[in-house]
Amino acid sequence: VKGQVMKKVQADRYRIGQVLINLISNAIKYSPNSDRIVVQSKQDTEKVTVSVTDFGIGIPKKAQDKIFERFFRVEGKEEKTYPGFGIGLYVSSEIVKRHNGKIWVESEKGKGSTFYFTIPFK
Ligand SMILES: Nc1ncnc2c1ncn2[C@@H]1O[C@H](COP(=O)(O)OP(=O)(O)OP(=O)(O)O)[C@@H](O)[C@H]1O
Ligand SMILES: [Mg+2]
């Protein structure tokens with residue numbers, strides 16, 4: 001952003017990289033009929049927020065808080081086609097929590113999903 005000083009966060013570069021890889025891999029995996037993924041980041045006074053948006057199968061409301069649990073995978077005939085262990089988001093949320101950040105999703109079934117995570121300055 002023009003005129004804005006880019007602050008730095010104290011973070012484990014490798015592990016935050018893993019979080020991004022997990023979110024982007026999911027975005028690709030769960031959007032077979034779309035070729036667009038949007039990765040954005042912004043900062044405010046106390047944190048950086050990163051988001052990964054896809055236009056894929058989406059996640060039903062009732063599953064949205066469970067997907068960060070270990071081994072949880074959404075059940076459904078669409079989801080069956082995508083192999084996985086249900087570990088990526090659990091690991092990602094553990095990493096983000098250890099950076100005192102937050103991770104969450106906004107999604108609509110059939111439309112797509114946006115995953116957000118924050119890392120606070122200091
Ligand atoms: N972008 C997404 N769009 C739709 N569903 C998603 C998305 N990301 C995650 N999910 C759902 O959340 C579940 C958990 O995701 P998670 O990444 O933890 O596991 P996984 O992708 O199944 O396996 P892996 O351990 O290989 O990452 C997935 O099985 C899927 O049902
Ligand atoms: Mg995954």
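The values are calculated or read from the model by the stated rules, or taken from the named source; none is laboratory data. Everything numeric here is computed off the predicted structure, so don't read it as measured data. Neighbour counts are summed over all protein chains in view; Cβ atoms, including those assigned to glycine, are modelled from backbone coordinates with ideal geometry. Keep in mind that these areas ignore ligands, DNA and RNA; they rest on the heavy atoms of the full protein, side chains included. Shrake-Rupley method; radii C 1.70, N 1.55, O 1.52, S 1.80 Å.
Brief remarks follow.
- Overall, the ratio between the Cα radius of gyration of segment 14-61 and 2.2 N^0.38 Å, rounded to two decimals, is 1.28.
- Local charge for Lys8 was computed over the other residues whose Cβ lies under 13 Å away, with Lys and Arg +1 and Asp and Glu -1, and equals +4.
- Sites listed here are trypsin sites (Lys or Arg not before Pro) in segment 1-108 whose DSSP assignment is loop and whose Cβ has at most 16 other Cβ atoms within 10 Å: Lys2, Lys7, Lys8, Arg36, Lys66, Arg70, Lys77, Lys102.
- Environment charge at Asp65 (Cβ cut-off 14 Å; Lys +1, Arg +1, Asp -1, Glu -1): +3
- Available extension along the chain between Val91 and Leu20 is 24.4 nm, counting 0.36 nm per residue and deducting the alpha carbon span.
- For segment 1-55 versus segment 61-104, the gap between their alpha-carbon centres in whole angstrom: 16
- Theoretical gain in end-to-end length, Thr45 to Lys8 [0.36 nm per residue, Cα-Cα removed]: 12.2 nm
- Using alpha carbons only, the radius of gyration of the chain set against its Kirkwood radius gives Rg/Rh = 0.99.
- The magnitude of the dipole of the chain, with charges of +1 and -1 set on the Cβ of Lys/Arg and Asp/Glu and taken from the Cα centre, is near 300 debye.
- Amide N proximity, segment 32-62 versus Tyr82 label position 7 Å along Cα-to-Cβ, cut-off under 19 Å: 32-40, 51-62
- For the chain, the solvent-accessible area works out to 69 Å² per residue, with a probe of 1.4 Å and every protein chain left in place.
- Three-way shape label, segment 51-114, alpha-carbon gyration tensor, a/c 1.5: oblate
- Using C-alpha pairs below 8 Å separated by at least 6 residues, the relative contact order for the chain is 32 percent.
- Protein accessible area in the chain, 1.4 Å probe - carbon and sulfur %: 55
- With R₀ fixed at 30 Å, the C-beta to C-beta distance from Lys29 to Asn100 puts the FRET efficiency at about 0.55.
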